[in-house]
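The values are calculated or read from the model by the stated rules, or taken from the named source; none is laboratory data. This is a predicted model, so every value here is computed, not measured. Neighbour counts are summed over all protein chains in view; Cβ atoms, including those assigned to glycine, are modelled from backbone coordinates with ideal geometry. Ligands, DNA and RNA are excluded from the accessible area calculation, which covers all protein heavy atoms including side chains. Shrake-Rupley method; radii C 1.70, N 1.55, O 1.52, S 1.80 Å.
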Amino acid sequence: MRFSIYEKTGFGFLVAACLVWGVDFTGNILVKAEPLQKAVFMAAKAPAAEKAAPAAKAEGSVMAMLADADTGAGQKAFKKCKACHSTDKGGKNKVGPNLWDIVGKAKAAGSGFKYSDALKGLGGDWSYQDLDAFLVSPKAFAKGTKMSFKGLSKAKDRAAVIAYLRSLSDQPKPLP
Ligand code: HEC
């Protein structure tokens, strides 16, 4: 088989184009590899730093943690609750009742919300202890509750969320 000069030139360009693309592609991979390695390194280091934190807090009790719990972190963690709860003063009830000024408030006392018998039967106010117990496992604390949320298993998250709930008030209640 014989190729004309035009065919040979065209083929040459094609090979050249492939080479340029190939070098560029490989170059990209080499450049990308470096930040990735850094990220992997940092991820490997993170758990050690996290483990050190709870050890510093004597026994990790939520009541003890409340004083310096991070309200901002609580607001972030509250994203899990937002689908069902509004937090503004006079805010609307959603799937769950509005939570403005909930700390220290009588249980199941939000206006215009239809509570389950389970929640109505609890009695008393939302003390820090009761909020903590409820948020570990709503179902365990109020058997038959309508709040279908599995709970916040980490003490640090509960402390942060409760600190955030406390801040939703014109006059936040004294810390325990
Ligand atoms: C899937 C919806 C849903 C999610 C998610 C949810 N809740 Fe609820 N919550 C409810 C409902 C419904 C009730 C009323 C329960 C009842 O009547 O049994 C309730 C009740 C409450 C109450 C008691 C209010 C009162 O007036 O006595 C508190 C406090 C509360 N929720 C906090 C939270 C927090 C904090 C989170 C996030 C960590 C959360 N909830 C996530 C639906 C939800």
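Note on the range 158-176: residues that are touching a helix residue (DSSP H, G or I) at 6+ places or on another chain (Cβ under 7 Å) and either free of Cβ contacts under 8 Å to residues at least 60 places away in the same chain or open to solvent by 50 Å² or more (accessible area, probe 1.4 Å) (or both) amount to 5.
Please specify each residue of the range 65-99 satisfying the condition of being modelled with pLDDT under 95 and either under 20 Å from the mean Cα position of the chain (by Cα) or part of a helix (DSSP H, G or I) (or both). Within the range 65-99, Asp68 is the sole residue that qualifies.
Can you find even one residue in the range 119-132 that is of a type in the set (Asp, Glu), free of Cβ contacts under 8 Å to residues at least 40 places away in the same chain and in contact with a helix residue (DSSP H, G or I) (Cβ under 9 Å, 6 or more places away or on another chain)? Explain how you work it out, then say what you get.
We begin by selecting, within the range 119-132, every residue of a type in the set (Asp, Glu); these are 125, 130, 132.
When the remaining residues are screened for being free of Cβ contacts under 8 Å to residues at least 40 places away in the same chain, the result is 125, 130.
Then keep just the ones that are in contact with a helix residue (DSSP H, G or I) (Cβ under 9 Å, 6 or more places away or on another chain); that gives 130.
Yes.
So for the range 137-149 (the condition being buried (at least 20 other Cβ atoms within 10 Å of the Cβ), within 24 Å of Leu66 (Cα to Cα) and among the charged types (D, E, K, R)), does at least one residue qualify? For the range 137-149, residues buried (at least 20 other Cβ atoms within 10 Å of the Cβ), within 24 Å of Leu66 (Cα to Cα) and among the charged types (D, E, K, R): absent.
Taking the criterion of being without any contact (Cβ under 8 Å) to a residue 12 or more places away in the chain and either under 20 Å from Ser86 (Cβ atoms) or outside any helix (DSSP H, G or I) (or both), the residues of the range 135-157 that qualify are Ser148, Lys154. Annotation: of all residues in the range 91-100 being more than 9 Å from the ligand (Cβ to nearest atom) and touching a Ser or Thr at 6+ places or on another chain (Cβ under 7 Å), the one that is nearest to Gln129 (Cα to Cα) is Trp100. Summed over the range 128-176, the residues that are out of contact with any Cys (no Cβ under 8 Å at 6 or more places or on another chain), among the β-branched types (Val, Ile, Thr) and within 10 Å of the ligand (Cβ to nearest atom) give a count of 2.
Kindly evaluate Ala108 against the criterion of being assigned to a helix (DSSP H, G or I), among the small types (Gly, Ala, Ser) and near the ligand (Cβ under 7 Å from one of its atoms). No, not satisfied.
When you scan the range 111-127, how many residues do you find that are within 9 Å of the ligand (Cβ to nearest atom) and either among the hydrophobic types (A, V, I, L, M, F, W, C) or open to solvent by less than 60 Å² (accessible area, probe 1.4 Å) (or both)? So that I can check it myself, show each step before the final result.
Here is the first cut: in the range 111-127, the ones within 9 Å of the ligand (Cβ to nearest atom) are 113-120, 122, 126.
Filter once more, so that each one left must be either among the hydrophobic types (A, V, I, L, M, F, W, C) or open to solvent by less than 60 Å² (accessible area, probe 1.4 Å) (or both): 113, 115-116, 118-119, 122, 126.
Count: 7.
Does Val103 qualify as being more than 8 Å from the ligand (Cβ to nearest atom) and open to solvent by less than 60 Å² (accessible area, probe 1.4 Å)? Judged against the criteria, Val103 is a match.
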